[in-house]
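Working notes, structure below.
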Amino acid sequence: MKHDERHYEINEMHHKHQMLDHDMAHMHHASSDGDMMIHGGHMMHMGNLKQKFWISLIATVPILALSPFMGLHLPFQMTFIGSDWVVLILATFLFFYGGAPFLKGAQGELTAKNPAMMTLIAMGISVSYLYSLYAFVANHFLNPQGHVMDFFWELATLIVIMLLGHWIEMNAVMSAGSALEKMAALLPSQAQVVDADGRQHAVDLKALQTGQTVIVVAGEKVPADGLILTGQSQVNESLVTGESKAVAKIEGDQVIGGTINGNGTLTVKVTGTGENGYLAQVMKLIQQAQQEKSKVETLADRVAKYLFYAALIVGIMAFISWFFLADLNTAFERMVTVFIIACPHALGLAIPLVVARSTAIAATNGLLIQNRQAIEMADKVTMVLMDKTGTLTQGVFKVNAVQVNATTLDKRRLMQIFGALERHSSHPLATGILADNREQALPELQAENVQTMQGVGLVGTIDGRNYQVVTAAYLQAHHLDFDRKMFQTLAEKGNSISYLLQDQTVLGLVAQGDQLKPEAPLFIQALKKRNIQPVMLTGDNQQVAQKVAAQLGGMEVQANLKPEDKAAIIKDYQANGEVVLMVGDGVNDAPSLTRADIGVAIGAGTDVAIDAADVILVKSNPNDIMNFLNLSRSTNRKMTQNLWWGAGYNIIAIPLAGGLFAGLGIVLGPAVGAVLMSLSTIVVAINAMTLKLKRNE
C-alpha cells in the first residue's frame, strides 16, 4: 500500500475451521492412501497406488518365477503342469488392476485429443499384454508344436515399475504439502468459550462459531482470528508470519489463529469461521501451487506427445519391415520393444518432482509460490518494480509534525478528526495517527459514512460536517491553496504528509516519518549486481521517494502514482521488452501485481495479496526475493536436466528398439528397454531431490 492509496480496506480475516479440518483430512487421505496424484497439471484419480503396488508386486512374483525372461529360463524359474494358465490369470489381473490408472489416464488424454505420458504407458502395457495373450493362444491352441515368445515377464515388471515410480512421485509431490499439516497443527484442538452468563467451557475447534467469545490465557495458542475485547499481551506471531518479534496487542486489536499468547490474558471475539482466514488461505496457496501446470510441464507433455507419435510411427514401420525381413513373431517383438522403450515414466516424473521439491524448499524459507510459471519466468526478469511503504520501509510511521491552519481548531481537535477518519483505514499512516492519539490520551470522535477516495484518501462526516483526508497531489490537482514551502521542508526530511480538508479548505496537516528496513539496501545492491534494474513506484511525494532512494544507494523513482498509473507503467515497460517483477503489499497493488510478469506480495495475511500475487513473502523481507530468484534459477536448471534424462535416451533407444542396427548385431530387447527406463526414472528422482537453495548464487 502506498501513501496516497492508503485507504483501501483490508477484508477482515476469518477462519473456516471446518474447512481446514476437511482440507487437512483430504490432504492426509491423499498423501497416505494415494487416492489422487498430480500428473500433467491435472489431479488424477489414481486409486490407491500404495495398495495397488503391493498387490501387483505379490502378483508379479509368481509371474517372474513361472514365466521365461525373453525366452530364457533363469535359475530361479520353474514350471509345472498348468503353470502357463497361472501366469495368464495373474497377468490378466495385473493388467486390469495394476494397469488401471494408466489406462484411465490414457482415456482422458485421448478424449481430450492430447495423447501424452499416460497414453504412452498405456500403449506399452496394452501391446505387451495383447501380444502375450496372442502368444498364449498361438502356443496352446493354434500351433501347439511351435512357440511364440510371450512378454508376461516384461509386462509384470513394467507395471510394477510404473506403479512404484508413480507412488514415489505422489509421495514426493505430497511431501510439499507437509507444510499444510504444520500450519494446521498451529491451531489448538479446543477453545475456552465464555457464555453470556460468564461461564467458561471447552468447545471443540470444529464447533467454534462466529461471534462467540473465547478466553486465551498466557502461553496458549489463539484458537481463531478475532478481535480483542479486553486485556493486553505480547503475542508471538512468528510461527504464522515469520516475524520473530512479539507484537503488542491491546483492546481493539486483531489476533490471528495459531499465534501464541504471551504473559497476559485476552478475551477475544471470534470474527468468523470463513475460509478466508490466514491459515486457510496459505493452505489454499500451497495446494494450488502443487496443482497448477507450468510452461515447462507443457513442454514435457509436448515431448511426450511427440514420443507417442514417434513410437507409433517407428513401431508400425518396424513391424512392417521385420514382417517382410523375418516373420510375424519377430515383427511383433520389434514393435512391442519400441512401445516399451518409448514409455515415458521418467519424463512424467521429470518436472513434477523438481517442482514439488522446489515448492517444499520455498515453503520452508518463507516463500509461498502460488503460480509455478513464476519459477520459469524468474530467470528472465530484467526489472524489479516495488512500492515504498512496507516493502522498502518498515511501514511503522511516527507523527513528526502537526500543523493547524484554521483558527477554529487546535492540534488536539485536528488529531481527533484525523483519528476518527483514519480509524476506518488499515494503512500504516492511519496506524501512526491512531498510535499518537492513544499516546496523547485524546478522546475518540465518531465518524459516519466514511468512504475510500480511490488513490486519494478518505471522506466522512463528523458531527454533521464533511471532512476529507487527502495528499498534496490531490491539492495540486484541484488547485487548492496550501503552504508549499512547509510541504517542501517536511517532505525533504522524509515525511509523508496528509492534509485535512473541510469544504475545500485546508484545516491542517500531519507529517509522519518511516524507517528503512535494515535489509532493504542489501536487496537493492543484490539486484544491481545481478544486472536487474530496481524501480520505486510510490504514491508518496517525489521528495520523500528521492530521499528513500538515496538512502538505498540510488534507484529510479516514479512518485505521486495512483494504482492505475503503476499498472500502466508496468505495461509500458513490458511493451519495450522488459520482463517485470512487481513487489507490493497486495492490497492496492493488486492491479500491478496482476499486470506484472511476476507479482510478489509483501505479507501473507492480506486477502488481495493471496488473490493477486504469484509469490508471497511470508516474512515480509525483501531479501527473500533474492532467495526466490536463486531458487528459481536452480529449479529451472534441474527441470532442463531432468527433461534430458527423462526423454533424451529415447533418441537412441527407439531406433535401436526398432532394429535399425540389427545388421550389426545390436538389438535392444523389451527387458533391456524396461531397465533403461527404470534407470532413467531413478536418475530423474535423485536429481530432483538434490535441488537446494543457494542463497549467494
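The values are calculated or read from the model by the stated rules, or taken from the named source; none is laboratory data. Bear in mind that the values here come from a model prediction, so they are computed numbers and not experimental data. Because the Cβ atoms are built from the backbone with ideal geometry, glycine has one as well, and the counts that use them run over all protein chains shown. Calculation scope for accessible area: heavy atoms of the full protein, side chains included, ligands and nucleic acids excluded. Shrake-Rupley method; radii C 1.70, N 1.55, O 1.52, S 1.80 Å.
Things to note:
- Here is the figure for region 625-641: residues that are open to solvent by 10 Å² or more (accessible area, probe 1.4 Å) and either in contact with a strand residue (DSSP E or B) (Cβ under 7 Å, 6 or more places away or on another chain) or hydrophobic (A, V, I, L, M, F, W, C) (or both) total 2.
- Hits in region 80-103 (condition: open to solvent by 90 Å² or more (accessible area, probe 1.4 Å) and modelled with pLDDT under 90): Phe80, Ile81
- Segments classed as strands (runs of 3 or more DSSP E), wholly inside region 503-569, with at least 3 members that are crowded, with 21+ Cβ neighbours inside 10 Å: 505-513, 533-537
- Summed over region 563-578, the residues that are touching a Lys or Arg at 6+ places or on another chain (Cβ under 9 Å) and farther than 14 Å from Asp597 by Cβ give a count of 3.
- All positions within region 417-446 that are polar (S, T, N, Q), open to solvent by 30 Å² or more (accessible area, probe 1.4 Å) and farther than 24 Å from Asp387 by Cα: Gln440, Gln446
- Those residues of region 185-209 which are part of a loop (DSSP other than H, G, I, E, B), surrounded by fewer than 16 Cβ atoms within 10 Å (Cβ to Cβ) and at pLDDT 80 or above, in sequence order: Asp195, Ala196, Asp197, Gly198, Arg199, Gln209
- Listed by first and then second residue, the pairs linking a residue in region 214-237 that is within 16 Å of Gln200 (Cβ to Cβ) to a residue that is open to solvent by 60 Å² or more (accessible area, probe 1.4 Å) and modelled with pLDDT under 85, with Cβ atoms under 6 Å apart and 6 or more places separating them unless they lie on different chains, are Ala218/Asn263.
- Within region 221-274, being small (Gly, Ala, Ser) and either over 23 Å from Asp624 (Cβ atoms) or at pLDDT 80 or above (or both) holds for Ala224, Gly226, Gly231, Ser233, Ala248, Gly252, Gly257, Gly262, Gly264, Gly272, Gly274.
- Subset of region 523-535 [more than 26 Å from the chain's Cα centre (by Cα) and on the phi < 0 side of the Ramachandran plot]: Gln525, Lys528, Lys529
- Residue check for Phe418: of a type outside the set (A, V, I, L, M), touching a strand residue (DSSP E or B) at 6+ places or on another chain (Cβ under 8 Å) and modelled with pLDDT of 90 or more: yes
- Per the conditions (1) touching a residue at least 24 places away in the same chain (Cβ under 8 Å); (2) over 18 Å from Asp327 (Cα atoms), the sole criterion not satisfied by Tyr131 is (2).
- When Ile497 is tested against (1) surrounded by fewer than 22 Cβ atoms within 10 Å (Cβ to Cβ); (2) closer than 30 Å to Arg465 by Cβ, exactly one condition is not met: (1).
- Test: residue in region 435-448 that is modelled with pLDDT of 85 or more and part of a strand (DSSP E or B): yes
- Just so you know, in region 311-327 the residues that are without any contact (Cβ under 8 Å) to a residue 24 or more places away in the chain and over 14 Å from Leu130 (Cβ atoms) include one that is surrounded by the most Cβ atoms within 10 Å (Cβ to Cβ), and it is Phe323.
- Screening the candidates Glu181, Glu169 for the property of being at pLDDT below 85, among the acidic types (Asp, Glu) and over 30 Å from Leu90 (Cα atoms) yields one hit, Glu181.
- Scanning region 213-232 for residues that are assigned to a loop (DSSP other than H, G, I, E, B) and open to solvent by less than 50 Å² (accessible area, probe 1.4 Å) gives Val222, Pro223, Ala224, Asp225, Gly231.
- Among the residues making up region 377-416, those that are in contact with a helix residue (DSSP H, G or I) (Cβ under 7 Å, 6 or more places away or on another chain), in a helix (DSSP H, G or I) and open to solvent by less than 20 Å² (accessible area, probe 1.4 Å) are Ala378, Met415.
- Meets criteria (open to solvent by 40 Å² or more (accessible area, probe 1.4 Å), at pLDDT 80 or above and on the phi > 0 side of the Ramachandran plot) for Lys113: yes
- Applying the set (1) modelled with pLDDT of 80 or more; (2) open to solvent by less than 30 Å² (accessible area, probe 1.4 Å) to Ala575 leaves exactly one unmet item: (2).
- Residue in region 391-406 that is closer than 30 Å to Ala549 by Cβ and among the hydroxyl-bearing types (Ser, Thr, Tyr) present: yes
- Test for Val506: is it within 29 Å of Val583 (Cα to Cα) and among the β-branched types (Val, Ile, Thr): no
- Selection within region 558-572 - β-branched (Val, Ile, Thr) and modelled with pLDDT under 85: none
- Looking at region 582-692, the helices (runs of 4 or more DSSP H) lying wholly inside it that each contain 1 or more residues that are modelled with pLDDT of 80 or more and under 22 Å from Glu564 (Cα atoms) sit at 590-595.
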